[in-house]
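The values are calculated or read from the model by the stated rules, or taken from the named source; none is laboratory data. Every value quoted in this text rests on a predicted model; they were computed, and no experiment measured them. Every residue, glycine as well, gets a Cβ built from its backbone with ideal geometry; the counts of neighbours run over all protein chains shown.
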Protein chains: 2
Amino acid sequence: MSGHRRPSGRARRDRAAVLRDLGEFPLIDRIARAARRAGVAPPALGIGDDAALLASRPGEDWVVSTDARVEDVHFRWRTDAPRTVGRTALAAALSDLAAMGARPRGFTWAFAAPDSLPLPAFDGLLAGLLFESRRHACPLVGGNLTRARETSLVLTVLGGVPRGRALRRRALLGDRILVTGSLGGSALARARAESEGKPVRCIPEPRLRAGRALARIAAVRGCIDVSDGLAADLAHLIGPDRHCPLDPARVPRPRGFDAACRRLGLDPDALVLSGGDDYELLFALAPRGPSAAALSRRLGTPVSELGRVAEGPPTAAGTGFAHFAPASGTCR
Amino acid sequence: MSGHRRPSGRARRDRAAVLRDLGEFPLIDRIARAARRAGVAPPALGIGDDAALLASRPGEDWVVSTDARVEDVHFRWRTDAPRTVGRTALAAALSDLAAMGARPRGFTWAFAAPDSLPLPAFDGLLAGLLFESRRHACPLVGGNLTRARETSLVLTVLGGVPRGRALRRRALLGDRILVTGSLGGSALARARAESEGKPVRCIPEPRLRAGRALARIAAVRGCIDVSDGLAADLAHLIGPDRHCPLDPARVPRPRGFDAACRRLGLDPDALVLSGGDDYELLFALAPRGPSAAALSRRLGTPVSELGRVAEGPPTAAGTGFAHFAPASGTCR
């Protein structure tokens, strides 16, 4: 067989292959090769040793977060492109580093799947992970492969943050509450995709740069990323004994959002309060801290002020998503 | 209701409960409470924030490893006690830190399960994890909960190692190959449990102290933990272009091992070469390094010398376990 025909023959074979045709170690090699091709080399010692080794920098603490994506809970093979599933998984995990003000240093990927999973689905997931990995300079440093009845990805992201500067979930009485970007867009995209029977394709943008900028501002008292929905994550930020009265009209939303919601028969205010997966940063600022306009310039992204932390428990409002909860509705 | 009766009422209710009766956030609270009760407080900021924060020590690099346990692949609810599943999962993950010479600093636990999982199974897993967590001073610092069709645990362990001292998978020509403890015991226990229809109960002992001691010995060239089986892990340690002739008679085995194997109709030599899950440390030593006896004293555990690294590819021998491989046999 001539040299130039081999790749296409191999590509054809790969399209028809399933995981069991390769086996664990060839799959690990495949991941390592793809990572090298994508130009995301692990910092010290990565894929293929007992564990990954990451050089720590002086004066830096480590931040670690774990996030899982399960077939038919967080994504559906029937509608979602594997590459989108991979991109979304890493982007969402990195959002937790953004919310701590950390810089990504690496991630591990634990992958479980039936051995009948088509190789192109595996390759798509991997390509999506490596795309975000490269974009955010967060190399794949290790992981685990195992067979299972359903597909799942567990990503553990590691980051570094200057000592004592990590953004925690915290807010004091009287603090101003602000948010980056706009909310509700992700929930609307999901609703629209469902109504049109099309795949959901809204890959989150982890606010890593904004998070690091917030960590450098002394007046920033605490931060969380909006993954469960504004009302729910606000409660996580300020704690059970405080609340922050929210005027839905002040919550920033994408252009044309309200009209698009109404066309789908959805309440736009409810969606910005309770729709999750926007991955914007919600943060608490000391009363005398910078204005929203000054913060927008400093963070390089729009910032809106939502209200102030008040005494007393919260009033009833939209609630976020909780796993295992009896009323958990949409595909998450 | 009087004070002393409440716990028993609650305990009775918990025994009959399943995950969906609690929901995600109460389960997270349950984990945090159990961790506090077990006396394993996270080092800086753990469960309940966006990410865990771990203080890094001067002159120390970070080691990270991810390990997964899936229902009906690595354990069976029908036969295995939840506490044993939890203990085994963390002990096996920590073995990867041992093989790098690292000291544990913390772990994250991603848990996926059907919402019909009985709460006592969850509590048992948690108790097993926290037992090993406490034993090895490795606090639970974060994780993720999600529903899924089958149960799985993904543990990511983090450790610290003095800069430049991490033990890698490496061996040079002429290096002596040694191993801690004995091999085959885990495979024999599995075989015995299967033949008697009893639950498998052989919780690995991660060789953390021995690993750290090896990392301090300059003559130690490389190290791996024996999880896939001696022959397979030896190949991982020395690479594809070298081999190490093994005399099965020199491989250390538990007392009474050969007779017990024969009673079950098993070949003891095959079992010590290919049986996995022993989690002993297999390491390469420069020719003029200390004797096995001197190492035994230094490591506080028996050490046996198996052979020397020779040129050329390996000869056929027992093979280890690989996920997704067509011939993957036992429950792993």
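The table for this structure:
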{"quantity": "Of the criteria (1) surrounded by 24 or more Cβ atoms within 10 Å (Cβ to Cβ); (2) touching a helix residue (DSSP H, G or I) at 6+ places or on another chain (Cβ under 6 Å), which one A:LEU145 fails", "calculated": "(1)"}
{"quantity": "Answer from A:LEU155, A:LEU145, A:LEU167 - the residue that is within 18 Å of B:GLY142 (Cβ to Cβ), within 13 Å of another protein chain (Cβ to nearest Cβ), of a type outside the set (Phe, Trp, Tyr) and not in a loop (DSSP other than H, G, I, E, B)", "calculated": "A:LEU155"}
{"quantity": "Any hit, the stretch B:93-106, residues being at pLDDT 95 or above, surrounded by fewer than 22 Cβ atoms within 10 Å (Cβ to Cβ) and assigned to a helix (DSSP H, G or I)", "calculated": "no"}
{"quantity": "Residue under evaluation A:SER274, criteria (1) on the phi > 0 side of the Ramachandran plot; (2) surrounded by 21 or more Cβ atoms within 10 Å (Cβ to Cβ); (3) more than 14 Å from every other protein chain (Cβ to nearest Cβ); (4) of a type outside the set (A, V, I, L, M), criterion not met", "calculated": "(1)"}
{"quantity": "Residues of the stretch B:119-139 classified as touching a Pro at 6+ places or on another chain (Cβ under 9 Å) and farther than 20 Å from A:VAL64 by Cβ, total", "calculated": "8"}
{"quantity": "Residues satisfying the stated conditions in the stretch A:274-294, i.e. touching a Gly at 6+ places or on another chain (Cβ under 8 Å), at pLDDT 95 or above and not small (Gly, Ala, Ser)", "calculated": "A:GLU280, A:LEU281, A:PHE283, A:PRO287"}
{"quantity": "Residues satisfying the stated conditions in the stretch B:57-103, i.e. within 7 Å of another protein chain (Cβ to nearest Cβ) and of a type in the set (D, E, K, R)", "calculated": "B:GLU60, B:ASP61, B:ASP67, B:ASP96"}
{"quantity": "Of residues in the stretch A:234-251 being crowded, with 19+ Cβ neighbours inside 10 Å and assigned to a loop (DSSP other than H, G, I, E, B), the one nearest to the chain's Cα centre (by Cα)", "calculated": "A:VAL251"}
{"quantity": "Residue list for the stretch A:254-271, restricted to those being within 20 Å of A:VAL226 (Cβ to Cβ) and either of a type in the set (Lys, Arg) or surrounded by 15 or more Cβ atoms within 10 Å (Cβ to Cβ) (or both)", "calculated": "A:PRO254, A:ARG255, A:PHE257, A:ASP258, A:ALA260, A:CYS261, A:LEU266, A:PRO268, A:ASP269, A:ALA270, A:LEU271"}
{"quantity": "Search result, residues across the stretch B:264-281 that are under 22 Å from B:ALA310 (Cα atoms) and touching a Leu at 6+ places or on another chain (Cβ under 6 Å)", "calculated": "B:VAL272, B:LEU273"}
{"quantity": "Candidates A:PRO204, A:PRO199, filtered to the one that is at pLDDT below 95, more than 16 Å from A:VAL303 (Cβ to Cβ) and in contact with a helix residue (DSSP H, G or I) (Cβ under 6 Å, 6 or more places away or on another chain)", "calculated": "A:PRO204"}
{"quantity": "Among residues of the stretch B:178-192, those that are surrounded by fewer than 24 Cβ atoms within 10 Å (Cβ to Cβ) and assigned to a strand (DSSP E or B), counted", "calculated": "0"}
{"quantity": "Residue in the stretch B:195-215 that is in contact with a Pro (Cβ under 8 Å, 6 or more places away or on another chain) and part of a loop (DSSP other than H, G, I, E, B) present", "calculated": "no"}
{"quantity": "Residue list for the stretch B:154-165, restricted to those being crowded, with 24+ Cβ neighbours inside 10 Å and not polar (S, T, N, Q)", "calculated": "B:VAL154, B:LEU155, B:VAL157, B:LEU158, B:GLY159"}
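Listed here are the residues, each with its yes/no results for (1) in contact with a strand residue (DSSP E or B) (Cβ under 6 Å, 6 or more places away or on another chain); (2) in a loop (DSSP other than H, G, I, E, B).
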position	(1), (2)
A:ARG253	no, yes
A:ALA259	no, no
A:ARG262	no, no
A:ASP269	no, no
A:TYR279	yes, yes
A:PHE283	yes, no
A:PRO287	no, yes
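Each row is one residue, and each column tells you yes or no for (1) closer than 24 Å to B:ARG15 by Cβ; (2) buried (at least 19 other Cβ atoms within 10 Å of the Cβ); (3) more than 14 Å from chain A (Cβ to nearest Cβ).
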{"position": "B:THR108", "(1), (2), (3)": "no, yes, no"}
{"position": "B:PHE111", "(1), (2), (3)": "yes, yes, no"}
{"position": "B:LEU117", "(1), (2), (3)": "yes, yes, no"}
{"position": "B:LEU125", "(1), (2), (3)": "yes, yes, yes"}
{"position": "B:GLY128", "(1), (2), (3)": "yes, yes, yes"}
{"position": "B:PHE131", "(1), (2), (3)": "yes, no, yes"}
{"position": "B:PRO139", "(1), (2), (3)": "no, yes, no"}
